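J.: So that we are looking at the same thing, I have put the structure below in structure tokens.
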Amino acid sequence: MEVIGYICSLLIGVSLGLIGSGGSILAIPILVYFFKQTPEQATTHSLFIVGITSAIAVRNHYRVGNLKIKEALYFAIPSIISLILSRKYLLPSVPEVIADRGMLITKHLLMMLLFSLLMIAASFSMILRFSPVSGKVSVSRLFLLGALIGIVTGFLGAGGGFLIVPVLIFYAGMSMRNAIATSLLIITINSLSGFTGDLINKVAFDQRILITVAATAIAGMFAGLYFSRKIDGEKLKPLFGWFIFMMGLFILARELFFAAGT
């Protein structure tokens, strides 16, 4: 199963390099189903894997002038604060067994159900095409939405590129290319900040899985960056969105099926 997991881990980097999002959407189920981690453990590992992989893509975008650093900071600062707080207080506050009335509702089940719904929402963000909106940057909305997405990233370990890109297009007036590049910078800052917070809070992690999956994802990133120069990532994005949609439905059905059988 781990061999299949490593093969699938290449897609984490390919997705980030080619379309600028989708890395954590793939990382969480890969870590849970192929590396047998709990959803909570997977969030810690996902934050590092996606963060370090995104950082490589950010360097590439910086060299060609695609980054909008000021807008990224408007979004990232409140996002980092809410992310760290949610990982320190919200995530540990959820009990391992939430309810046991007819169907056992555990922390594992809750997190995977929420993640599957997030995947379905993400799929529509990828399938739909967004056009840039001209006008002034809405700093207040960037702050608010940054804080909300920080909570999602902290609780579910998802970098949120599929959510960040539309926000940057609609409320920062960016082109798709600039939004993707700036989203990767925000994902890098958020993910590595969240992982650093976990280190400070002494959250346990598997060093072998962390390093090997991250290395595999980075290899996929270089492949994604290479193909991005030959293939229009925007044309592939809807196809990838339908793939994420089917994965979300599968996880939702799987978790509910096993929960009903317990």
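The values are calculated or read from the model by the stated rules, or taken from the named source; none is laboratory data. What you are looking at is a predicted structure, and each value in this text was computed from that prediction instead of being measured. Heads up, the Cβs are rebuilt from the backbone with ideal geometry, glycines too, and the neighbour counts pull from every protein chain shown.
J.: For PHE227, indicate whether it is more than 20 Å from the chain's Cα centre (by Cα) and either more than 19 Å from TYR62 (Cα to Cα) or of a type in the set (A, V, I, L, M, F, W, C) (or both).
T.: Here the answer is yes, as PHE227 does meet what is asked.
J.: Take the residues in segment 79-124 that are in a helix (DSSP H, G or I) and among the charged types (D, E, K, R); name whichever of them is nearest to PHE195 (Cα to Cα).
T.: Here the answer is ARG87.
J.: Quick check on segment 119-133. Is at least one of its residues aromatic (Phe, Trp, Tyr), in contact (Cβ under 8 Å) with a residue 12 or more places away in the chain, in contact with a Pro (Cβ under 7 Å, 6 or more places away or on another chain) and over 21 Å from ILE69 (Cβ atoms)?
T.: yes
J.: Can you find even one residue in segment 165-178 that is touching a residue at least 60 places away in the same chain (Cβ under 8 Å) and among the polar types (S, T, N, Q)?
T.: yes
J.: Taking the stated definitions as given, is ARG87 of a type in the set (Lys, Arg) and in contact with a Phe, Trp or Tyr (Cβ under 8 Å, 6 or more places away or on another chain)?
T.: Answer is yes for this residue.
J.: Additional query: Kindly establish whether ALA57 is surrounded by 24 or more Cβ atoms within 10 Å (Cβ to Cβ) and either among the basic types (Lys, Arg) or within 15 Å of the chain's Cα centre (by Cα) (or both).
T.: Here the answer is yes, as ALA57 does meet what is asked.
J.: Before we move on, is ALA214 on the phi < 0 side of the Ramachandran plot, in a helix (DSSP H, G or I) and touching a Ser or Thr at 6+ places or on another chain (Cβ under 9 Å)?
T.: Yes: the conditions hold for ALA214.
J.: So SER193 fits all but one of (1) in contact with a helix residue (DSSP H, G or I) (Cβ under 8 Å, 6 or more places away or on another chain); (2) free of Cβ contacts under 8 Å to residues at least 40 places away in the same chain; what number is the exception?
T.: Just one mismatch for SER193, condition (2).
J.: Here is a follow-up. In segment 128-172, what residues are at pLDDT 80 or above, over 21 Å from PHE195 (Cβ atoms) and surrounded by fewer than 18 Cβ atoms within 10 Å (Cβ to Cβ)?
T.: VAL139, SER140, ARG141, PHE143, LEU144
J.: If you check ILE186 against the conditions, is it buried (at least 24 other Cβ atoms within 10 Å of the Cβ) and either on the phi > 0 side of the Ramachandran plot or in a helix (DSSP H, G or I) (or both)?
T.: yes
J.: In segment 78-103, which residue that is aliphatic (A, V, I, L, M) and within 26 Å of MET221 (Cα to Cα) is nearest to the chain's Cα centre (by Cα)?
T.: Looking at residues that are aliphatic (A, V, I, L, M) and within 26 Å of MET221 (Cα to Cα), I get LEU83.
J.: Can you tell me how many residues in segment 160-195 are closer than 17 Å to VAL58 by Cβ, more than 15 Å from the chain's Cα centre (by Cα) and not small (Gly, Ala, Ser)?
T.: Summing the residues that are closer than 17 Å to VAL58 by Cβ, more than 15 Å from the chain's Cα centre (by Cα) and not small (Gly, Ala, Ser) in segment 160-195 gives 5.
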